[in-house]
Amino acid sequence: GAGVSQSPRYKVAKRGQDVALRCDPISGHVSLFWYQQALGQGPEFLTYFQNEAQLDKSGLPSDRFFAERPEGSVSTLKIQRTQQEDSAVYLCASSQNSNQPQHFGDGTRLSIL
Amino acid sequence: GQQLNQSPQSMFIQEGEDVSMNCTSSSIFNTWLWYKQDPGEGPVLLIALYKAGELTSNGRLTAQFGITRKDSFLNISASIPSDVGIYFCAGHRSEYGNKLVFGAGTILRVKS
């Protein structure tokens with residue numbers, strides 16, 4: 001499709017399990033961003049890639065969170081040893097370059113039991 | 001860190017009414033954006049503003065980038081039922097990294 005695609009749409013995991021969330025950005029978009037959105041809040045920045053380089057990971061809440069974009073297109077956000085406070089919607093966005101508007105996917109809703 | 005204050009938090013509209021919401025910040029931004037988010041979906045870009053004082057329209061939507069670069073407003077004219085949703089403002093400045101800083105959103109509901 002033409003937009004940002006995220007999978008899975010919903011993920012339920014038990015506390016302590018590892019999860020992996022996938023993002024397919026818009027074709028040709030150099031910049032890719034991950035955001036976390038808690039219920040009733042605006043999205044909060046997690047990390048930013050330009051091509052395959054992770055240029056900013058200042059928003060990752062702990063070292064349990066890890067993101068990669070090895071070939072400069074698809075990206076994966078991995079959360080290890082999940083905790084209940086990790087429950088949120090994880091949004092991916094891409095843009096042609098860092099100064100162009102970001103376009104968002106529909107997110108992955110993660111629930112940790 | 002940078003914070004955006006969005007108001008009102010929520011509002012009820014009657015079909016046909018004009019709607020106004022705004023966003024203020026203690027920090028300067030070089031770009032202001034307005035997004036709309038429907039339940040279960042990601043934010044959809046409505047309007048992007050790049051210059052202080054800029055006034056931009058997109059159909060029934062009009063947004064302005066404040067002269068001080070610390071605020072923006074969004075107006076919706078002649079509202080219709082599908083305008084219901086959550087509206088977010090977001091600021092961008094390359095000196096803050098390339099992230100967007102979001103407000104907490106304005107929830108638009110329709111009076112029944």
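A few notes on this one:
- Reported count of residues in region B:85-112, each being more than 10 Å from chain A (Cβ to nearest Cβ), in contact with a strand residue (DSSP E or B) (Cβ under 8 Å, 6 or more places away or on another chain), at pLDDT below 95 and over 15 Å from B:Leu49 (Cβ atoms), is 3.
- The residues in region B:1-32 that are of a type in the set (A, V, I, L, M) and either free of Cβ contacts under 8 Å to residues at least 12 places away in the same chain or within 14 Å of chain A (Cβ to nearest Cβ) (or both) can be counted, and the count is 2.
Listed here are the residues, each with its yes/no results for (1) basic (Lys, Arg); (2) in a loop (DSSP other than H, G, I, E, B); (3) touching a helix residue (DSSP H, G or I) at 6+ places or on another chain (Cβ under 8 Å).
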| position | (1), (2), (3) |
| --- | --- |
| A:Gln6 | no, no, no |
| A:Arg15 | yes, yes, yes |
| A:Leu21 | no, no, no |
| A:Gly28 | no, yes, no |
| A:Gln36 | no, no, no |
| A:Gly40 | no, yes, no |
| A:Leu55 | no, no, no |
| A:Leu60 | no, yes, no |
| A:Phe66 | no, no, no |
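- Boolean, A:Arg81 is within 14 Å of chain B (Cβ to nearest Cβ) and either in a loop (DSSP other than H, G, I, E, B) or touching a residue at least 24 places away in the same chain (Cβ under 8 Å) (or both): no
- Among the residues examined, A:Gly72 qualifies as away from chain B (no Cβ under 14 Å), on the phi > 0 side of the Ramachandran plot and assigned to a loop (DSSP other than H, G, I, E, B).
- Yes/no for A:Val4 being touching a strand residue (DSSP E or B) at 6+ places or on another chain (Cβ under 6 Å) and either exposed (fewer than 14 other Cβ atoms within 10 Å of the Cβ) or within 13 Å of another protein chain (Cβ to nearest Cβ) (or both): yes
- Any chance A:Tyr48 is under 11 Å from the mean Cα position of the chain (by Cα), within 10 Å of chain B (Cβ to nearest Cβ) and within 20 Å of A:Ser31 (Cβ to Cβ): yes
The values are calculated or read from the model by the stated rules, or taken from the named source; none is laboratory data. Computed from a predicted model, the values in this text were never measured in an experiment. Positions of Cβ are generated from backbone atoms using ideal geometry, with glycine treated the same way; all protein chains shown enter the neighbour counts.
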